[in-house]
Amino acid sequence: MNKDSLLITGIGNSRNVSRYCFGKGSITQLSEILNSRRSSSENWAVFLIDEYFDRHSEPLGVLPVESTDRVIHIRTDVEPSTQFIDSLVCDISVSHKMLPVAVIGIGGGITLDVAKATSNLLTNGGRAEEYQGWDLVKRPGIYKIGIPTISGTGAEATRTCVITNEKTGVKLGMNSDHTVFDQLILDPDLTASVPRNQYFFTGMDAWIHCVEALSGSYRNPVGDAFSAQTITLCRKVFSDNEMMSEESREKLMVASYLGGCAIATTYVGVVHPFSAGLSVVLGLHHCVANCITMMAMELYYPDEHREFMGFVENQDVPIPEGVCSQLSDSQFEALYQATIIHEKPLTNALGEQYRDVLDRSRVRQIFEKM
Ligand code: NAD
Ligand code: ZN
C-alpha cells in the first residue's frame, strides 16, 4: 500500500442526506412524511419498489399509496442500465400531466439507485447517459425518499447512483449533490427477509469500502472516523454467531449508512476496480463480485484478507470460485481494461504509477485466482 505518501486532506463542501429516521417499525412514518408533501389531490407520488416485495408485501405493511400514485416494481436480476432508466422515466412522464411530488425508492442498492436517477431525470430532462460523471445534474430532482431493505452498499447515503450504459459499457454514476436523498427511513425490520448469503455479500460492501478507504493515501479525518466506526460495527456483526439477529441487523443498517458517508468523502482502493471488471465483463453483481475479489487480495490487503476469510468461515457463506477459470485471452484483456480504467481508486491505493504495479500479467494472475 501507499501509506508513505499519506495525504491528509480536507473536504470541499460535502452534502449529506437532509433528514432520516431510524428504528424498528419506522416505515410507518412514511405516511406522515409523504402527506406533508401532498398539498392537493392532484399531487401524486411514484413508488419504486424492489420486485421481491411484489410477491411478499407483508414486511412493508400498508403503504400510503393514493389512487393517483404509481407503484412500479424494479427488477433486480440485472443491475440498472441507462436504457432502463430512460424507459422508466418516459413511462412515468407520460402517465400524468404534472410532475410527481416525491419518488420513493424501497429496496436494495439497485432500487435506491434507480430512484435517485429517476428523480434527477424527471426534472432535468434528456437521457441518463448525459449525467454519468461528476456534477452534470443541473437542477434538484423530485423530492427523494429512500427506504433500504438490505444493508451494506451505503447507496442510501452517497451522492451517486451507479448505472451502466449498455451500448458503451460505461458503468458510472450521476455524481452530484442533487443525487443525495432528501429523506431516509432506516427500518431494520425490513432486512429480516434477506437471504443469508445475499445479506453477507451486501453487508461486506460496507466493510470493504472502509478498509479500502483507510488503506488509501487520500484521507481526511471525517472520512476516517466514519470508516473506523463502520468497520467496528461490521466486525461485531460478522464475528457474531447471529449475523441476522435483530441487534445485528440494526448494527449493519447503521454501518451501511456510515460507510456511505465515508465513501462520499474519499475513495475506495484495489478491490472495487477488480470487482467492477467482474461486473462489466462477466455480469456478476457488485457485492458478490467484491467478495470474489477479496478472496484474491492477499497481496494488497494481507490483514484484511485474513479477517475476511475469518468472516466467511464464521458465517459459513459460500463465495463462488473458479469464475475466471475458463476465460479466453480476449476476456482477460477486457477484464484488464475494465479494471485499470479506475484511476482514482487505484491511485489512492497504489500511487500515480499504479499501471507499473498492476501490469497486464499481474492483473491476469489476480483474476486467475478467482
Ligand atoms: P440489490 O438491490 O442488488 O438486491 C439484492 C437482492 O436482494 C435482490 O434479489 C433483491 O430483490 C433482494 N432483496 C432486497 N431486499 C430484500 C429483502 N428485504 N428481502 C428479501 N430479498 C431482498 O442489493 P444491493 O446489494 O444492496 O445493491 C447492489 C447495487 O448497489 C448494485 O447495482 C451496485 O452498483 C449498487 N451500489 C450503489 C452504490 C451507491 O453509492 N449508489 C454503492 C455501492 C453499490
Ligand atoms: Zn461497493
Of the residues in the stretch 187-224, those that are assigned to a helix (DSSP H, G or I), out of contact with any Pro (no Cβ under 9 Å at 6 or more places or on another chain) and β-branched (Val, Ile, Thr) come to 202, 208, 211, 222
Top-ranked residue in the stretch 32-53 [being in a strand (DSSP E or B) and β-branched (Val, Ile, Thr); ranked as farthest from the chain's Cα centre (by Cα)]: 46
Which condition does residue 190 not pass, out of (1) within 14 Å of ligand 1 (Cβ to nearest atom); (2) surrounded by fewer than 22 Cβ atoms within 10 Å (Cβ to Cβ); (3) farther than 29 Å from residue 301 by Cα; (4) not basic (Lys, Arg), if it passes all the others? (2)
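Only one of 289, 276 is touching a Ser or Thr at 6+ places or on another chain (Cβ under 8 Å), on the phi < 0 side of the Ramachandran plot, within 14 Å of ligand 2 (Cβ to nearest atom) and without any contact (Cβ under 8 Å) to a residue 24 or more places away in the chain; which? Don't jump to the end; show me each part of the working.
Details: 276 fails: without any contact (Cβ under 8 Å) to a residue 24 or more places away in the chain.
When all the criteria are applied, what remains is 289.
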Do you know which of the residues in the stretch 182-204 that are aromatic (Phe, Trp, Tyr) and more than 13 Å from the chain's Cα centre (by Cα) is nearest to residue 120 (Cα to Cα)? 199
Verdict on residue 229 being within 15 Å of ligand 2 (Cβ to nearest atom) and either touching a residue at least 12 places away in the same chain (Cβ under 8 Å) or in contact with a helix residue (DSSP H, G or I) (Cβ under 6 Å, 6 or more places away or on another chain) (or both): no
Cβ-Cβ under 6 Å, sequence separation 6+ or interchain: first residue in the stretch 149-162 and farther than 26 Å from residue 57 by Cα, partner within 10 Å of ligand 2 (Cβ to nearest atom) and not polar (S, T, N, Q). Which pairs? 158/260
Need pairs with beta-carbon distance below 9 Å; first residue in contact (Cβ under 8 Å) with a residue 24 or more places away in the chain and within 12 Å of residue 308 (Cβ to Cβ) and within the stretch 195-211, second surrounded by fewer than 24 Cβ atoms within 10 Å (Cβ to Cβ) and basic (Lys, Arg); sequence gap 6+ or separate chains. 207/235
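Kindly indicate whether any position in the stretch 67-86 is of a type in the set (D, E, K, R), crowded, with 16+ Cβ neighbours inside 10 Å and within 16 Å of ligand 1 (Cβ to nearest atom).
Here is the first cut: in the stretch 67-86, the ones of a type in the set (D, E, K, R) are 69-70, 75, 77, 79, 86.
From what is left, the residues that are crowded, with 16+ Cβ neighbours inside 10 Å are 69-70, 79, 86.
If we keep only those that are within 16 Å of ligand 1 (Cβ to nearest atom) as well, we get 79.
Yes.
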Only unsatisfied item for residue 265, checking (1) more than 19 Å from residue 227 (Cα to Cα); (2) β-branched (Val, Ile, Thr); (3) part of a loop (DSSP other than H, G, I, E, B), is (1)
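Laboratory data are not the source of any read-out in this text; all were calculated from the coordinates shown. Predicted, not measured: the structure shown is a model, and the values here were computed from it. Note that we place each Cβ from the backbone using ideal geometry, even for glycine, and neighbour counts take in every protein chain shown.
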